[in-house]
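See below for the structure under consideration.
The values are calculated or read from the model by the stated rules, or taken from the named source; none is laboratory data. The structure displayed is predicted, hence computed values, not measured ones. Cβ sites come from the backbone with ideal geometry, for glycine too, and all protein chains shown count toward neighbours. To get the accessible areas, we keep the full protein, side chains included, count just its heavy atoms, and leave off ligands, DNA and RNA. Shrake-Rupley method; radii C 1.70, N 1.55, O 1.52, S 1.80 Å.
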Amino acid sequence: MRPDRAAVTARRRWLWPVLLVLLAFTIIGNLAMGAFDVGPAKVIGILLDHAGVDIGIEFSPQENAVVWSLRLPRLVLAGLVGAVLGATGTALQGLFRNPLADPQIIGISSGAALGAGVVLAIGPGVLGSFGGPLGGFVGALAVAAIVYLFARYEGRTEVVNLVLTGVAVSAVATAAIGYLSFAVDSSRLQTALFWFLGSFTLATWQAVRPVLLLGGACLLLLPFFARQLNLLLLGEAEARHLGVDVERVRAMVLVLVALGIGAGVATAGIIGFVGLLAPHGVRLIAGPDHRTVLPASTVAGAVLVLAADLAARTLASPTEIPVGLLTALAGGPFFLWLLRRTRAEYGAWG
Amino acid sequence: MAAVTATAAGFTVGSAVLLNGVTVSAVPGQVLGLVGPNGAGKSTLLELMAGDRRPSTGSVELDGRAIHDFSAAELARLRAVLPQQTVVQFPFTARDVVMMGRHPHHADPDNSNERDHEQVAEAMAATDCAELAHRIFPSLSGGEQTRVALARIFAQQTPVILLDEPTATLDVHHQEHTMRLLQERARAGATVVVVLQDLNLGAAYADQLVLLAGGRVAAAGAPTEVLNADLLSATYRQTMRVVDHPHRDCPLVLVA
């Protein structure tokens with residue numbers, strides 16, 4: 001069968017309804033379910049009560065505390081981190097013209113973890129709860145710059161170079177984090193090593209605020225580069241011929257990616273595969289146009305991480321599975337399937 | 001209307017001199033063909049004329065102004081460039097790719113979606129790829145991809161068109177068709193610069209030819225002046241003869 005547009009157009013109609021329904025389900029599910037079940041109706045009653053609306057649903061102060069002070073900040077954090085992973089994965093794939101780019105695979109997440117780890121080891125000082133996220137931003141940006149300089153040759157980024165640069169940078173960053181834990185005997189760093197595996201257990205409103213600001217900036221601004229990212233997929237010279245200021249777009253997108261990933265990793269650790277799964281899944285349904293893929297991957301990333309966190313909290317209740325472990329366990333095989341399917345449909349990736 | 005002029009332009013990478021003192025002028029209303037053996041500097045000269053690279057020595061001007069004084073957005077409304085090959089690793093349709101050619105006019109007050117669609121449809125019809133519109137670009141054959149890329153260049157609607165070997169992957173019919181299209185564009189006032197391997201396409205369709213050899217201009221002028229048997233034989237290290245084309249009013253180059 002020759003792939004054509006009719007099938008894509010038919011599938012595209014379902015994209016947003018399906019994504020929004022899934023988002024609603026995962027939000028209610030995450031607030032209602034856990035070691036202590038609160039019914040979906042009560043969850044809605046509690047949320048509306050905080051918005052100043054009384055719809056006559058009774059709930060206990062304990063139920064209110066669980067939903068509002070424990071589950072809601074965790075939900076917001078997991079949703080934001082997932083959204084950032086989906087959006088930044090999409091943006092990096094477009095920027096590097098490479099379907100295998102992802103914040104984790106090319107080492108940006110490890111850079112962010114190292115940056116945040118250094119801040120945690122020496123103490124955030126006046127930066128307070130913004131210290132870790134800003135350290136993460138600096139680390140992520142440094143790695144983005146290194147990968148960019150090393151993986152490119154004559155205006156092209158080769159898959160092998162990109163992945164191997166990421167492997168090397170990740171190895172160095174991971175070793176440096178290990179060294180930090182020897183050099184600094186600090187309870188803060190124990191916490192740091194715990195989140196390095198990927199977890200939302202540290203979610204409080206105070207921890208969520210910097211992610212909301214920095215990750216929010218990343219999510220709101222990236223879609224403005226959708227058209228330029230489309231043109232970059234033709235090639236750098238071609239994008240320039242069509243009027244794109246390539247250097248400026250690249251610098252801006254990398255800074256926004258580092259901002260989102262830095263804040264996300266500093267707060268929730270490294271959660272893999274979402275940056276690959278969300279955009280690839282969306283592209284299969286809706287085609288490659290970034291004007292659709294960027295916002296849709298943002299929502300898809302949030303849905304994926306929310307679903308993973310719900311599973312992490314409930315599957316082995318009362319113990320909790322690290323969420324990064326679950327995304328890798330479920331994401332790895334799914335990604336292999338995606339690779340095969342996409343390859344069969346569109347040919348090999350160079 | 002915009003002329004593109006390279007004056008005493010040189011280009012050096014490390015110790016390799018790719019171009020040396022090249023003076024070339026492409027003017028509105030004419031097709032300028034760049035010919036020469038492999039490694040003569042044809043593509044490099046085209047890149048200088050496109051503003052992709054800065055000449056190491058000499059200058060390149062577009063419409064009398066140094067090409068590097070233009071912003072990327074300004075240049076995109078003045079000149080379109082067809083690369084040797086367009087590699088797209090994401091499943092855009094052929095029509096999506098042609099529509100990208102409209103990007104430079106995205107912010108024009110007198111542009112509109114209707115106009116974009118019109119121009120895209122027109123360009124795809126002209127390059128004989130309308131029936132490929134909904135196919136996935138990376139799944140097309142090399143020649144089909146070239147025709148779609150050509151439509152993208154035409155949809156860009158620029159007074160200057162630069163093409164690097166547009167005919168290399170095309171069948172004979174589409175080679176002739178493409179060269180006729182370029183000639184039509186030139187007659188309508190465009191400045192067309194085209195790198196060609198096939199000397200006979202240059203002979204039939206170019207108004208001016210520049211023969212490059214070893215980074216220098218070996219000959220420049222009308223095809224009847226440049227296509228000289230002795231000069232070509234020496235330049236290509238291959239004995240050639242030039243006769244009058246029996247069916248066309250132009251020279252015919254034969255390998256002897």
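General observations
- All told, B:Ser43 meets the bar of being within 14 Å of another protein chain (Cβ to nearest Cβ), among the small types (Gly, Ala, Ser) and open to solvent by 10 Å² or more (accessible area, probe 1.4 Å).
Rundown of residues vs (1) part of a strand (DSSP E or B); (2) surrounded by 24 or more Cβ atoms within 10 Å (Cβ to Cβ); (3) among the hydroxyl-bearing types (Ser, Thr, Tyr); (4) in contact (Cβ under 8 Å) with a residue 12 or more places away in the chain, yes/no style:
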residue	(1), (2), (3), (4)
B:Leu150	no, yes, no, yes
B:Gln175	no, no, no, yes
B:Leu211	yes, yes, no, yes
B:Ala220	yes, no, no, yes
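- Yes/no for B:Ile161 being in a helix (DSSP H, G or I), more than 23 Å from A:Thr9 (Cβ to Cβ), modelled with pLDDT of 95 or more and open to solvent by less than 20 Å² (accessible area, probe 1.4 Å): no
- Only a single item in (1) more than 22 Å from B:Asp164 (Cα to Cα); (2) within 14 Å of chain A (Cβ to nearest Cβ); (3) open to solvent by 30 Å² or more (accessible area, probe 1.4 Å) is not met by B:Phe92, and it is number (3).
- Filtered residues of the stretch B:54-85 (kept if surrounded by fewer than 18 Cβ atoms within 10 Å (Cβ to Cβ), outside any helix (DSSP H, G or I) and within 14 Å of chain A (Cβ to nearest Cβ)): B:Arg54, B:Phe70, B:Ser71, B:Gln84, B:Gln85
- Every residue from the stretch B:103-124 that is open to solvent by less than 20 Å² (accessible area, probe 1.4 Å) and at the interface with another protein chain (Cβ under 9 Å from one of its Cβ atoms): B:Pro104
- Condition met for B:Thr235 (in a helix (DSSP H, G or I), of a type in the set (S, T, N, Q) and under 24 Å from B:Gln30 (Cα atoms)): no
- Selection within the stretch B:125-134 - open to solvent by 40 Å² or more (accessible area, probe 1.4 Å) and more than 13 Å from chain A (Cβ to nearest Cβ): B:Ala125, B:Asp128, B:Ala130
- Residue within the stretch A:73-81 that is within 14 Å of another protein chain (Cβ to nearest Cβ), closer than 30 Å to A:Gly262 by Cβ and within 28 Å of the chain's Cα centre (by Cα) present: no
- Checking each residue in the stretch A:226-276 for being at pLDDT below 90 and on the phi > 0 side of the Ramachandran plot picks out A:Gly235, A:Gly269, A:Phe273.
- Residue check for B:Phe137: open to solvent by less than 10 Å² (accessible area, probe 1.4 Å), aromatic (Phe, Trp, Tyr) and away from every other protein chain (no Cβ under 11 Å): no
- Every residue from the stretch B:238-252 that is part of a loop (DSSP other than H, G, I, E, B) and closer than 27 Å to B:Val17 by Cβ: B:Gln238
To keep it simple, each residue is scored yes or no on (1) in a loop (DSSP other than H, G, I, E, B); (2) over 19 Å from A:Ser129 (Cβ atoms); (3) away from chain B (no Cβ under 14 Å); (4) of a type in the set (A, V, I, L, M, F, W, C).
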site: A:Ser199; (1), (2), (3), (4): yes, no, yes, no
site: A:Ala203; (1), (2), (3), (4): yes, no, yes, yes
site: A:Gln206; (1), (2), (3), (4): no, no, yes, no
site: A:Arg209; (1), (2), (3), (4): no, no, yes, no
site: A:Leu221; (1), (2), (3), (4): no, yes, yes, yes
site: A:Ala239; (1), (2), (3), (4): no, yes, no, yes
site: A:Gly243; (1), (2), (3), (4): yes, yes, no, no
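- Identity of the residue in the stretch A:173-182, without any contact (Cβ under 8 Å) to a residue 40 or more places away in the chain and of a type outside the set (S, T, N, Q), that ends up least open to solvent (accessible area, probe 1.4 Å): A:Gly178
- Which numbered condition B:Asp164 misses (of (1) away from chain A (no Cβ under 14 Å); (2) more than 30 Å from A:Ala286 (Cα to Cα)): (1)
- The residue that is nearest to A:Ala328 (Cα to Cα), counting only those in the stretch A:85-100 that are more than 13 Å from the chain's Cα centre (by Cα) and not polar (S, T, N, Q), is A:Leu100.
- So A:Thr292, is it among the hydroxyl-bearing types (Ser, Thr, Tyr), away from chain B (no Cβ under 14 Å) and open to solvent by 10 Å² or more (accessible area, probe 1.4 Å): no
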